[in-house]
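Peer 1: Dropping a structure here in C-alpha cells format, bear with me for questions.
Computed from the coordinates by the stated procedures, all read-outs in this text should not be read as laboratory data. The structure displayed is predicted, hence computed values, not measured ones. Cβ placement follows ideal geometry from the backbone for every residue including glycine, while neighbour counts extend to all protein chains displayed.
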Amino acid sequence: MTETQEVGKQVAHHRKRLGLSQVEFAGLIGRSESWVSQVERGVRSIDRLSVLQTVADALSVSVAELRGGTDVETPAIDERPEGFEDLRLALTGHPAIFAVLGHDNHQYSEQDVQDLSERHGGVWEMVHGSRYTELAPTLAELITDLELAVRLAGSEDLRRKSRELLADTYQAAAAMMAKLSENDAAWIAADRAAYLAEMLDWPLETAASLFRMAHVFLSLRQTSQAQKVAADTAQALSRRIDGEPEVEALSLYGAFHLVLAVALARDNERTQAYEHLETARRTAQRIGEDRNDFGTEFGPTNVAIHAVSIAAELGDAGHALELSHEVDPSNLSAERQARFAIDIAYAHSMRRQIGEALRALEKAENLTPEQTRMHRVARDVARDLIQLSGSRPRPELRDLAERFGVLP
C-alpha cells in the first residue's frame, strides 16, 4: 500500500470514529467534500505538511499515525534508462578538472567544435520525444566534450560557441532529469545552464534555466519554492513584454504562469491557480500560435492542456474530462501528448472509470513508453486501477501494471 492510500485509509477510519460525515469533516478543515472523498479513496495525496497537520488536528491524531509509518515509493534503480548513470557521473564533480589543472593539452579545432554542434543538433527532439535511453549517453558525452572545448578550443570565437552549446546541453539535461524525478541531477544541470547563460549575456536563456529549476521544485513537491522561482522570474519578465516584446519573452512569461497555476493547484488554492491560468491564456492569445521557445512548448494548446491538468489536480474530474474534449494536442510533441493522456487517465480513475482510464494510459504508453512507465502519476493510476478491479483485473490491465512495475 502506498503512503497516499495509507493516509486515505486512516483519514476515513478516524473520521468515522468521530461520527463525522465527509461534508462535516470537509467544513472543519476548509476543503470540499470531493477533496475529502479523493483523499480517503487514495487517489489524491496530501503533499503539504501543513495541510496534513490540519487534517491530523481535526481528527485528534498525530501526523505519524495518519502516515502509518510507511515510506514514499521511489522508482527502482533498474527502471532507469540505459546510459543514465553515465549522465549522472558527467554531472558529478568537475567534468574538465584535468584541463583546469593543466593535464590535458588537446586543442579543439574548428572542425571539432562543428562536430560537437552536429551531435548537439538532435538533443531537444529526443527530449520532447522522451527517448531517454538514446538521450542519456548523448548528453553525457556532450557535457564532457563541451566542458573541455570551452577551455581548450583554439580561439575565443570557438570557446564562445562551445559555451553556447554547453548552456543548451545543460538545459536539456535539466529537462530530462526533472521528468525522471532525478531532482538532484536536474538541479545541478539547471544551475550550470543559468551560470553559462549569464556569462554569455543571454537574459532570456537565464530565465529559461530558472524555468527548469521551477520544474525541479514541482517534481520535489516543493510548491512554495516553485512559486518563488516562477513568481520572481515572471515579474522580471513582465518589464520586457510591454509594447512589442520579443515573442520568446512572452513564451517564457506565459510558461512561468503555468508553473504558478500548477503549484497553486497542488496547494488547493483554486482561485489563484485559475488567475494564473487565465494570465497564461491571455499571453498565449497575444502570441497567437503554438511555439517551442526554449523547449517550453508554450502556446494556446499547451494552456488548454494545463487547464485539464489543473482541473484534475483540484479534484474536478468531470470538468477536466469536459475540457479535454476541446483539446487537439496533435501539433505538440509526443511528450506533451502523453502527459495529456496521463491527466485524462487520472481524471477517469477518480471517477472509477477503469476502461477509459486504461485506454488513456495505453495511449500515453504508445506515445512515450519510457516516460509513461516511469511517470509517478501514471504509475499511481495503474496501481489504483488494479485496486479498483478487485481480485480479477482484466488481462490487459495486469499486463500494463506489470510493465509499469506496480503489479502486486
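Peer 1: Assuming 0.36 nm per residue, please report the length gained on full extension of the stretch Val247 to Asn366 beyond their Cα-Cα distance.
Peer 2: On the way: separation 119, 0.36 × 119 = 42.84 nm, distance 3.30 nm.
Extending this stretch completely gives an extra 39.5 nm.
Peer 1: How long is the gain from His106 to Val51 if the chain were fully straight, where each residue apart is worth 0.36 nm and the alpha carbon distance is subtracted?
Peer 2: Taking His106 through Val51 to full extension adds about 14.1 nm, to one decimal.
Peer 1: Follow-up question, since we're still on this one. Given points 7 Å out from each Cα along the Cα-Cβ axis, report the Arg403 to Lys228 separation in nanometres with one decimal.
Peer 2: It works out to 4.1 nm between the two label points.
Peer 1: I've got another one for you. Rounded to the nearest 0.05, what FRET efficiency is calculated for Ser117 and Leu89 with R0 set to 22 Å and r the Cβ-Cβ distance?
Peer 2: 0.40
Peer 1: How high is the relative contact order of segment 333-408, given as a whole-number percent (alpha carbon pairs under 8 Å, six or more residues apart)? Please report the intermediate quantities before stating the final value.
Peer 2: Working: 91 pairs, mean separation 22.3, N = 76.
The value is 29 percent.
Peer 1: Project the alpha carbons of segment 193-330 onto their principal axes and report the range along each, largest first, in whole Å.
Peer 2: Per principal axis, max minus min of the Cα coordinates gives 48, 32, 25 Å.
Peer 1: Assign one of three labels to segment 330-408, namely rounded, prolate or oblate, based on the Cα gyration tensor with a ≥ b ≥ c the square roots of its eigenvalues; rounded applies when a/c is under 1.5, prolate when it is not and a/b is larger than b/c, and oblate otherwise.
Peer 2: Because a/c hits 1.5 or more and a/b exceeds b/c, segment 330-408 counts as prolate.
Peer 1: Additional query: Sort Arg394, Arg291 so the one with the fewest other Cβ atoms within 10 Å of its own Cβ comes first.
Peer 2: Sorted ascending by nearby Cβ count, the order is Arg394, Arg291.
Peer 1: Based only on other Cβ atoms within 10 Å, what is the fewest-to-most ordering of Tyr346, Tyr108?
Peer 2: Listing Tyr346, Tyr108 from fewest to most nearby Cβ atoms yields Tyr108, Tyr346.
Peer 1: Using a 7 Å offset from the Cα along the Cα-to-Cβ direction at both Ser181 and Leu388, what is the distance between the two label points in nm, to one decimal?
Peer 2: In this crude spin-label approximation the distance works out to 2.0 nm.
Peer 1: Can you tell me the length gained on complete extension of the stretch Arg351 to Glu156, counting 0.36 nm per residue apart and subtracting the Cα distance?
Peer 2: Contour length minus Cα-Cα distance gives 64.2 nm.
Peer 1: Here is a further query. Quick check for me: using +1 on Lys/Arg Cβ and -1 on Asp/Glu Cβ, what's the dipole size of segment 108-202 about its Cα centre, in debye to the nearest 20?
Peer 2: 140 debye
Peer 1: Once you sort the root eigenvalues of the Cα gyration tensor of segment 142-237 as a ≥ b ≥ c, which label holds: rounded (a/c under 1.5), prolate (a/b larger than b/c) or oblate (the other case)?
Peer 2: Note, shape of segment 142-237 comes out oblate.
Peer 1: If I model a spin label as a point 7 Å beyond the Cα along the Cα-Cβ vector, how far apart are those points for Glu289 and Gln272 in nm?
Peer 2: 3.6 nm
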